[in-house]
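Notes for the one structure printed next.
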Amino acid sequence: MKTYEFESLLKSFLIFFLLLEVLIAINIWYEFSERKSTLKQRIHEQMRLCAYTIECEGMKTDFVERSKEKEENFLYKDVESFYSYFTVPKAEKFLMKVVYPKARYEAALQKEESALQKQFLLYTLIAAAVSLLFAVYALMPLRRALRLNEEFVKDILHDFNTPLSSMKINLKLFRKEIGENTRVERLENNIETMLALQHNLQAFLKGIQTQAETFDIASVFQERLPYFEVLYPDIVFHSEVASLKVHTNRDAFVRVVDNLLSNASKYNKPNGQVLVRLEGATLKIEDTGKGIEHPKKIFERYYKEQDRGIGIGLHIVRKLCEEMGIGIEVESKKAKGSVFRLDISRIVS
């Protein structure tokens with residue numbers, strides 16, 4: 001199960017489960033109130049029985065003078081007990097006071113609470129099972145739709161391979177015939193851009209291969225920077241990357257570099273700069289662009305602050321970095337630019 005599918009399952013489960021829990025809690029509270037009231041009525045019945053039969057186990061009795069403040073057959077309550085007054089036959093001036101200890105009432109109430117707690121736990125387990133079944137059932141159509149969508153995108157990507165490869169080969173042949181030509185070079189770069197987008201979608205759908213190799217990080221920038229210099233002629237690129245051997249998946253590392261350089265160039269200001277530096281085991285890609293309004297959100301899937309793009313580039317960057325064991329951080333200020341820091345200490349050979 002993919003992350004977003006698990007997130008959908010969890011959210012559906014929690015919404016339904018919490019709704020059921022609220023209903024169960026209301027029902028249990030209502031039942032507790034009913035049992036509490038019933039318990040008081042039962043106590044009062046026992047007190048009345050005590051007054052008539054003098055069978056008063058666990059209760060105390062006393063005779064008090066009748067007065068207007070002492071209402072008969074009414075359950076009173078104080079700090080330590082419940083009590084009630086009852087008529088005494090052939091004794092008009094006196095009432096029998098029956099006292100029921102509060103400790104005994106609380107013990108009986110505790111039994112009721114314990115029973116309801118067990119009932120609540122049982123209902124909660126049933127609610128969890130029902131919520132899980134509901135969430136799975138609700139997610140199944142979504143999963144089928146997502147699978148169909150992914151298969152469709154994979155087929156489209158596969159179909160792109162033939163025309164793109166053909167265009168690339170023919171442009172190389174054409175270049176051999178006419179020699180170096182700026183327009184041909186731009187067409188080749190446009191094809192490379194389409195291939196990069198294709199690779200991004202492939203990484204988004206199925207991740208990366210785990211096969212690793214040892215290569216020089218400086219060679220990556222020697223290879224990729226000229227491509228971006230042609231693609232963005234108004235941007236000045238600086239590289240301060242010394243030779244350093246790393247061991248990881250090279251295609252994935254190039255994909256990370258390409259995405260970061262592409263964003264640094266695409267969202268830069270006119271005649272802006274992109275600086276790439278290697279400081280120890282930290283690779284920095286810095287630009288003088290527009291800056292990022294919400295740096296903490298930029299790695300989220302589909303999040304974007306501009307109209308361009310579909311919002312998966314930096315999500316793929318983080319995904320690839322996690323799979324390669326590379327730490328990534330961003331620091332940005334509006335209208336001043338952004339700095340992406342890659343901690344490559346774990347992949348240094």
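I'd like the Kirkwood hydrodynamic radius of the range 102-154, using the inverse of the mean 1/r over distinct C-alpha pairs, in Å. Each step should come with its number before you reach the end.
Values: mean 1/r = 0.0680 Å⁻¹.
Computed over Cα pairs of the range 102-154, the Kirkwood hydrodynamic radius comes out at 14.7 Å.
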From the list [x] 1.40; [y] 1.12; [z] 1.27, can you say which value of Rg/Rh (Cα atoms, Kirkwood Rh) was derived from the structure given? [x]
Of VAL22, VAL256, VAL339, how do they rank once you tally other Cβ atoms within 10 Å and put the fewest first? VAL22, VAL339, VAL256
Mind checking which lysines have their C-alpha under 28 Å from LYS296, skipping anything on the same chain fewer than 8 residues away? LYS2, LYS11, LYS206, LYS266, LYS269, LYS284, LYS304, LYS319, LYS333, LYS334, LYS336
Out of GLU92, GLU293, GLU323, a Gaussian network model of the chain with alpha-carbon springs under 10 Å gives the largest mean-square fluctuation to GLU92
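Helix-only mean residue ellipticity at 222 nm, the chain, DSSP H runs n ≥ 4 weighted -39,500 (n - 2.57), per residue, nearest 500. What is it?
That comes out to -20500 deg cm²/dmol.
Filter the trypsin sites (Lys or Arg not before Pro) in the range 264-349 down to the DSSP loop ones having no more than 14 other Cβ atoms within 10 Å, then list what survives.
On the way: sites: LYS266, ARG277, LYS284, LYS290, LYS296, LYS297, ARG301, LYS304, ARG308, ARG318, LYS319, LYS333, LYS334, LYS336, ARG341, ARG346; in loops: LYS290, ARG301, LYS304, ARG308, LYS334, LYS336, ARG346.
Those that pass, being in a loop and sparsely packed, are ARG308, LYS334, LYS336, ARG346.
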Calculate the dipole size of the chain relative to its Cα centre from +1 charges on Lys and Arg beta carbons and -1 charges on Asp and Glu beta carbons; express the result in debye to the nearest 20. 400
Mind putting a number on the dipole of the range 223-341 about its Cα centre? Charges go on the C-beta only, +1 for Lys and Arg and -1 for Asp and Glu, and I need it in Debye to the nearest 20. 280
For the chain, set up a Gaussian network in which alpha carbons nearer than 10 Å are linked by springs, and say which option among GLY58, GLY289, GLY272 fluctuates the most. GLY58
Candidates ALA107, ALA242, ALA218; GNM for the chain (alpha-carbon contacts under 10 Å) flags as most fluctuating ALA107
What whole-number distance in Å separates the alpha-carbon centres of the range 14-35 and the range 273-349? 47
What three numbers, in Å, describe the spread of the alpha carbons of the range 1-97 along their principal axes, ordered from the longest? 84, 27, 19
List the residues, sorted by chain then number, that are 5 or more residues from SER239 or on another chain and whose placed amide H is less than 5 Å from its amide H. VAL276
Name every cysteine in the chain that ends up alone, with no second cysteine's Cβ under 4.7 Å, or say none. CYS321
Between the residues ALA51, LEU10, LEU125, the Cα farthest towards the positive end of the dipole of the chain, that dipole coming from +1 and -1 charges on the beta-carbon of Lys, Arg, Asp and Glu, is from ALA51
Taking the convex hull of the Cα atoms, report for the range 208-343 its projected area averaged over all directions, in nm². 7.6
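None of the figures in this text is laboratory data; all of them are computed from the coordinates on show. Owing to the predicted nature of the structure, the values given are computational and were not obtained by experimental measurement. Neighbour counts run over all protein chains shown; Cβ positions are idealised from the backbone, glycine included.
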